[in-house]
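Below is one structure; the comments refer to it alone.
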Amino acid sequence: MTTRYRVAGTDDFTDDSDRIICEVDGLEIGVFYVDGEYYALANYCVHQGAPLCEGQVTGEMAVDDNWEWQYDHDPCVVTCPWHEWKFDLETGVNISDERYVTPTFETEVEDGAVYVLR
Ligand code: FES
């Protein structure tokens, strides 16, 4: 059964790329506000257990249709503060090796409150 937990007010996110780290049903979760969207990930790096959600949020390097490296400026990746593994904010997948996945959670916004579903 999924339960909805209120984790913050929308006005707790003061600027773009902001995040809060909170405890939801015994699990530490980072909730990010990026480009008008909310994302929720476990605050736990699957490499060696670092507090992943304390890492920097950036764009990412990717190969374009001409096989040239381009930097995507849209902030969509969180970088682990310990060894710099990078995870997609939306899917939790490691962008270099998709075998490694950080759990993600659905979010909802209602009446000025942000909720995480777990
Ligand atoms: S603990 Fe996150 S990259 Fe090593």
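The values are calculated or read from the model by the stated rules, or taken from the named source; none is laboratory data. Quantities reported herein were computed from a predicted structural model and do not represent experimental measurements. Ideal geometry is used to build each Cβ from the backbone, glycine not excepted, and the neighbour counts take in all protein chains shown.
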Q: Run I95 past the list (1) surrounded by 15 or more Cβ atoms within 10 Å (Cβ to Cβ); (2) away from the ligand (no atom under 13 Å from the Cβ); (3) among the aliphatic types (A, V, I, L, M) and report the number of the one that doesn't hold.
A: (2)
Q.
So, in segment 48-92, exactly how many residues are within 9 Å of the ligand (Cβ to nearest atom), in contact with a strand residue (DSSP E or B) (Cβ under 9 Å, 6 or more places away or on another chain) and over 17 Å from V31 (Cα atoms)?
A. 1
Q) Restricting to segment 10-56, what's the tally of residues that are among the aliphatic types (A, V, I, L, M), at pLDDT 95 or above and farther than 16 Å from P103 by Cβ? A) 1
Q | Residue list for segment 17-43, filter: free of Cβ contacts under 8 Å to residues at least 40 places away in the same chain and among the β-branched types (V, I, T) | A | I20, I21
Q | Filter pass, G59 being at pLDDT 95 or above and not hydroxyl-bearing (S, T, Y) | A | no
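Return yes or no: is C45 within 16 Å of the ligand (Cβ to nearest atom), buried (at least 17 other Cβ atoms within 10 Å of the Cβ) and not polar (S, T, N, Q)?
Taking the combined requirement at face value, the residue satisfies it.
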Q.
Being under 15 Å from A8 (Cα atoms), of a type in the set (V, I, T) and in contact with a Pro (Cβ under 8 Å, 6 or more places away or on another chain) is true for just one of I29, I21. Which residue is that?
A. I21
Q: Could you grab the pairs with beta carbons closer than 8 Å, sequence gap of 6+ or different chains, first residue in segment 65-86 and over 18 Å from F32 (Cβ atoms) and among the hydroxyl-bearing types (S, T, Y), second one at pLDDT below 95 and within 16 Å of the ligand (Cβ to nearest atom)?
A: Y71/E60
